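Student: Take this structure, written in structure tokens, and hold onto it; I'll ask about it next.
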Amino acid sequence: MRFITQRRRFSDLSEQEVLALAISSEEDDAQIYRTYASRLRHDYPATAAVFDGMAEEEDGHRGQLITLHRERFGETIPLIRREHVAGYYARRPIWLVENLGLDRIREEAEGMEREAERFYTMAAQRTSDAATRDLLGRLAQAEAGHQTTASELEKAHLSGAEKEDENASAHRQFVLTYVQPGLAGLMDGSVSTLAPIFATAFATQDTHTTFLVGLAASVGAGISMGFTEAASDDGELSGRGSPAKRGFASGIMTAVGGLGHALPYLIPHFWTATITAFFVVFIELWAIVWIQNRYMDTPFMRATFQVVLGGALVFAAGVLIGGG
């Protein structure tokens, strides 16, 4: 609370402080773009070149603002940053966005420029001081110019073919890092837990016991699949990405797959719980078919045959064993 009360309101800033704030903001944005470029350079060199150009453009505008400050206020620039001003647009910490996909990073950069332009435009409209209004208008025009420059840089460095190649590479990486291990986990969790859960259900007809068995099987399978996926491949040679990300994707989806038809047994009535679990299993299996068809390019009929037949066999085994 103390930190919040010590923040200055934008309306209380002097023209010199507004200019100093713009200078520090341009410096921060240039560093963000350079971080994006560094992160993308190995896999997406054309997009990295775009961000290098945007960083240089931010440096150029910062230089112009410093020159303006020197002409109007002298050499000493006040130390004021975004976090010092209440209501000023903020940037998300770089570690929250550096692991995002290629399209998401591009969208983040576009949003940065829009936010800055909108803020300066609105601020200029709210002030009655002619000099301040002129200064804020210049800053808004500079940010609008950034967006134009970004488009020009993209045309210069990122041709249609290069953009398609990078998008295809980003999609392939997403599939390898998240979809493939997540799908394997969902299949394992949904199918492998069918037998123990429904065997327990028909053997005991006790919903509480069935739920506990399903919970244990799902969580245990999730932990096992997560560690197995993470330890099986460090991603360096295969290019499948971070083992931690793959492990979390596989482990979480394994647990979700099992819990889907375990949770209905929180319902006290046995047949109501069992019929609900049947319905959940049906949804799970068709979700797997859809994911295989959508992301893995598996023909729909082939995916249907593999998943539904396999799930039906495991389900039947559980019912027969439990009923016997």
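Student: State yes or no: is residue 53 over 28 Å from residue 6 (Cβ atoms), small (Gly, Ala, Ser), in a helix (DSSP H, G or I) and touching a residue at least 60 places away in the same chain (Cβ under 8 Å)? Break it down stepwise before answering.
Tutor: Numbers: over 28 Å from residue 6 (Cβ atoms): yes; small (Gly, Ala, Ser): yes; in a helix (DSSP H, G or I): yes; touching a residue at least 60 places away in the same chain (Cβ under 8 Å): yes.
Yes; evaluated as a whole, the condition is true for this residue.
Student: Checking residue 268 against (1) assigned to a loop (DSSP other than H, G, I, E, B); (2) modelled with pLDDT under 80, which test does it fail?
Tutor: Status for residue 268: all satisfied but (2).
Student: While we're here: Which ones in segment 213-235 are of a type in the set (D, E, K, R) and either part of a helix (DSSP H, G or I) or in contact with a Gly (Cβ under 9 Å, 6 or more places away or on another chain) (or both)? Don't jump to the end; show me each part of the working.
Tutor: Let us first name the residues in segment 213-235 that are of a type in the set (D, E, K, R), namely 229, 233-234.
Listed by number, the list holds a single entry, 229.
Student: Could you say whether any residue in segment 131-152 is surrounded by fewer than 18 Cβ atoms within 10 Å (Cβ to Cβ), at pLDDT below 60 and hydrophobic (A, V, I, L, M, F, W, C)?
Tutor: The answer is no; no qualifying residue exists.
Student: Can you tell me which residue is modelled with the lowest pLDDT among those in segment 195-212 that are more than 13 Å from residue 264 (Cα to Cα) and assigned to a helix (DSSP H, G or I)? Full working, then the answer.
Tutor: Here is the first cut: in segment 195-212, the ones more than 13 Å from residue 264 (Cα to Cα) are 195-196, 199-200, 202-205.
With the extra rule that they be assigned to a helix (DSSP H, G or I), the set shrinks to 195-196, 199-200, 202-204.
Working: 195: 77, 196: 81, 199: 81, 200: 85, 202: 82, 203: 83, 204: 86.
Restricting to residues being more than 13 Å from residue 264 (Cα to Cα) and assigned to a helix (DSSP H, G or I), the top hit is 195.
Student: Since residue 246 meets every condition but one in (1) over 15 Å from residue 192 (Cα atoms); (2) modelled with pLDDT under 75, which condition does it not meet?
Tutor: (2)
Student: Out of the residues in segment 270-315 that are among the hydroxyl-bearing types (Ser, Thr, Tyr) and closer than 13 Å to residue 260 by Cα, state the one that is surrounded by the fewest Cβ atoms within 10 Å (Cβ to Cβ).
Tutor: Per the stated criteria, the residue is 276.
Student: Being at pLDDT below 70 and surrounded by 20 or more Cβ atoms within 10 Å (Cβ to Cβ) narrows it down to one residue among 318, 323, 260; which is it?
Tutor: 318
The values are calculated or read from the model by the stated rules, or taken from the named source; none is laboratory data. Source: prediction; values computed, not measured. For neighbour counting, all protein chains shown are included, and Cβ atoms are generated from backbone atoms with ideal geometry for every residue, glycine included.
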